[in-house]
Structures are given as structure tokens and as C-alpha cells.
1. What is the diffusion coefficient of the stretch 1-94 in µm²/s, taking the Kirkwood radius over Cα pairs and the Stokes-Einstein relation at 20 °C with a viscosity of 1.002 mPa s?
2. Full-extension gain between T118 and E130, please, as 0.36 nm times their residue separation minus the C-alpha to C-alpha distance.
3. Starting from the stretch 110-206, pick out the GluC sites (Glu not before Pro) whose DSSP state is loop and whose Cβ has at most 14 other Cβ atoms within 10 Å.
4. Which aspartates and glutamates have a Cα lying under 20 Å from the Cα of K300, excluding residues fewer than 8 positions away in the same chain?
5. How much length, in nm to one decimal, is gained on full extension between F15 and M1, taken as 0.36 nm per residue of separation minus their Cα-Cα distance?
6. To the nearest 20 debye, what charge dipole does the stretch 46-155 have about its Cα centre, counting +1 at the Cβ of each Lys and Arg and -1 at the Cβ of each Asp and Glu?
7. Please identify the GluC sites (Glu not before Pro) of the stretch 1-70 that satisfy two criteria: DSSP loop assignment and at most 14 other Cβ atoms within 10 Å. Which are they?
8. In nm, to one decimal, how far is the Y208 label point from the N286 one, both placed 7 Å along Cα→Cβ?
Amino acid sequence: MTYAGTSKTCINPTFHCEMAGFIAREGYYEGIHDDLWMKSVVLQEDDSKLILLSLDIIGLEGITINKIKDSLTHHFGVDSDSVMISTTHTHAGPATLENANLGYVSQEYINYIVKKATECVNLALLDLEEVELRYGKGICREVGKNRREVTGMTDPEVLVLSVYKANHNELKTVVVNYACHPTVLGPDNVQLSADFPYYLYQAIERIYEDPNVLFINGAAGNINVGHHAHDSINGKSFNKRTFTEAKRHGYTLAGEVVKVIEQSESIHDFSILYKQMKMSITFTVNDMVQSINNELKSLKHIDKNKLKLGQQKMIQLKEKWSSIWLNNTNEDHQIHYSLSVGRIGPILFVTLPGEFFVELGLLVKQAFPQHPVLIFGYTNGSLGYVADQSSYIHGGYEIEEAYQAYGFPLPIPIGTGEAIIKNAVSVLKTIIRD
């Protein structure tokens, strides 16, 4: 028997707070364009459960992920390894990355998120009922673009998991997996919004009588709707970064999702298997000292008065970063993280803790051409940007600067992404054999 339960709860902050995602944006949010949601799906087969949470926020660090998992284990006795906490990565939500330099994070709001996660999963568990699972794949090339290279690689695959009530043709839940930054809206926007996923939710809910729709981002580190990362910092024209454009992209993706739902296949041999892997990255003292000295040297020759707001704030961030790490170079620094792999019937999945480049997500899919593969980006933690080896040659914001915004002493070492994917693929192969 296959069971599923689902729920959602609004997670709008109840007080004015800083927004995350754009260094060129100042001040607090000034209104709510559309509600931010936390959504949950619980899948159960015999005694095995898999719990998926999706939040319309920019991200969550490991410390908050662990608080949520500990709460769920305490209240419901669930295996913490079975919990996948994913964020859509909207840049029109509150600051939530506690150790990053991406806006002031309210501990009150973090505690609120932990409480809401417990409530949301509880409601999903109470909603458990017999269901039919279906899946399908489609292609959407019109939304996700490579933001580093006009002709660069993307992952146009749209993978959809549909949950129907048993013995009814009533759609209960839809999980949409697609790789693209929800950054249609730019730093000039000061309203809370899920960005284009809001319009995706809206369209599917209207067509199918209000199912719970989850957007799970993929390996979207270098994928957005077509603008460069520095456009936001440098104050480039935002005439294409409007709610009208967000609506167009959300509806475009929704159109493909509907086609996939209508042609989806039933999952008859349903089983749940998963495994969590814990890893770490070490930054050495010598490398950190050299990086800080190089940064301090470069900052001496910059005239801030000639810079635009975003550029000025980027320099301030670099100065803050240098000051913090200058006082923390007495020993090597480690980042601990985890990722999970598993299967839901014939569907394989991998969780990636951060902004993994699309090339890395595609490596997983290429390793399993006979299986549909869900790539859960921005899930169970945040390593910031993790690029493939070839991208290090070209440098750029994601590799040379963003690690400072994420609060790390150095960029993620070259080859880390491939090593993570190699481990994930290896464990997935053992799960397939089981």
C-alpha cells in the first residue's frame, strides 16, 4: 500500500525584516505581493517514510536544518535521515542564512520556521491516505538560461511527481523539479514574493482544483532567466525584472507541467530507500592568510565614491569579510555538510546542499540514463556555489566573490563538486542493486 499526506502553511514574517539575495537592495520589505509558503509531502510504504519540505525562502544553513530535524524526530519519532528540507531560493524573501553576509537574520524568524516545520509535517502526517503515484518528464527551454555563457549548458528537463487519491482521479499533490534561479525580480523589488514559482503554483492550482504544488529547484547555480549576476550588483536596467515577466515565466513552466501531468505514468512497484552521507571541506591556515592579504591589497586602490550603490556595498562586504577572517586564521577551518540519495519506486533522487552548477546535476542524470532522477538543489544545508572544474578557468562572481557573501574563508576547492557527485552516484548504484 502507498500512502501520502500533504499540507502547507504560510511563513510570511510577522514583522519587517531585511530581504535576502541582492547586495544592491537597501532596507526592509515594504509589502507582500504573494504569500511565502512552507509545503510538506509525506510518502509512506509499509513502515518507511520520506518527508519532503519546500520553503519559499533563499536557503537554510545546517544548524537550522538540524533544529528542524531534531524537532521532527522528537515529536513524531521519524528518522532524521528521511527528512529532505528544500528551499526554492527566491530572492524576494527574508534573510535566513545565519552565517552569511546576506542581510540581518532575525533569530525570531528562524525559531518561527522551526515551529512551522513541525506544525506542517504534523498536518501532513494526519492527512496520510492511500494514494496512486505517477511521474513524467517534459522539456522547458524557454525559462532556464545559463547566466555565465549565452550558449552555455542548461538542464531543460521538467520532472513531475503527481500524487492522486486512490480510486479517484483527484490530484492531491504535485512536485515539480526544475533548475532555475527564482530571480526574475531584481534588487529594486521590496515586496515579498516566491517570484516565478508563485505563478507556477497559481496556474496548477486553478487547473486542477487546488492541489498542493511544490517547486523543488535543481542544480541551478549558474542558471536563471538570462541576466548576469553582476547586473544586479552594477545597477543595470531592470526593465525585464518585473512581476509581469515572473508571471510569463511561471505560466510558461506551468504549461509544460500540465502536459507532463496529463501524460504521466503510474508507479506500480513502489518502494522507499534512502541514505545520508556526511562530509566536510577543510580550508588551511596558509591558504586563508594568502587570500585575505590579496583581498586587502586590492581594496587599497578602489575609490568608493566612483562606484554605484551595489558596488559600494560589495566593497563593504569584502572589508567585513577580511576583518572577520583576519582574526580567525589561527587554525584550519572546516565546513560540515550532508547529502542524501535514494529512490522512490523507479525515481532516483540526490539532495545537493547549495548552489551546484548545472553541469554537476547533469552528471548524476547521465550516470542513470534508464531512470528518472530528481535533483534536489538548495536542500539540507548551504555550501554556497559549487562549480564544476571547467568553470574555475573562467572565474566570475560565483567562484571568485560569492564565497565571501556566504561567509566562507575561501572558494569551495576545485574538484569538490565532482567528488561529491562521484560519491552520490556510487551510493545510488548500491541502492539500485538493493
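The values are calculated or read from the model by the stated rules, or taken from the named source; none is laboratory data. Please read these numbers as outputs of a predicted model, since none were measured by experiment. Note: ideal-geometry Cβ built from the backbone for every residue, glycine included; neighbour counts use all protein chains shown. Remember, those area values only see protein heavy atoms, side chains included, never the ligands or the DNA or RNA. Shrake-Rupley method; radii C 1.70, N 1.55, O 1.52, S 1.80 Å.
1. D, rounded to a whole number, is 144 µm²/s.
2. Fully extending the segment from T118 to E130 adds 2.1 nm.
3. For GluC sites (Glu not before Pro) across the stretch 110-206 that sit outside H, G, I, E and B with at most 14 neighbouring Cβ atoms in 10 Å, the list reads E142, E149, E170.
4. E319, E400, E401
5. Gain on stretching F15 to M1: 0.6 nm.
6. Value, rounded to 20: 580 debye.
7. Those satisfying the criteria are E26, E30.
8. Output for this residue pair reads 5.6 nm.
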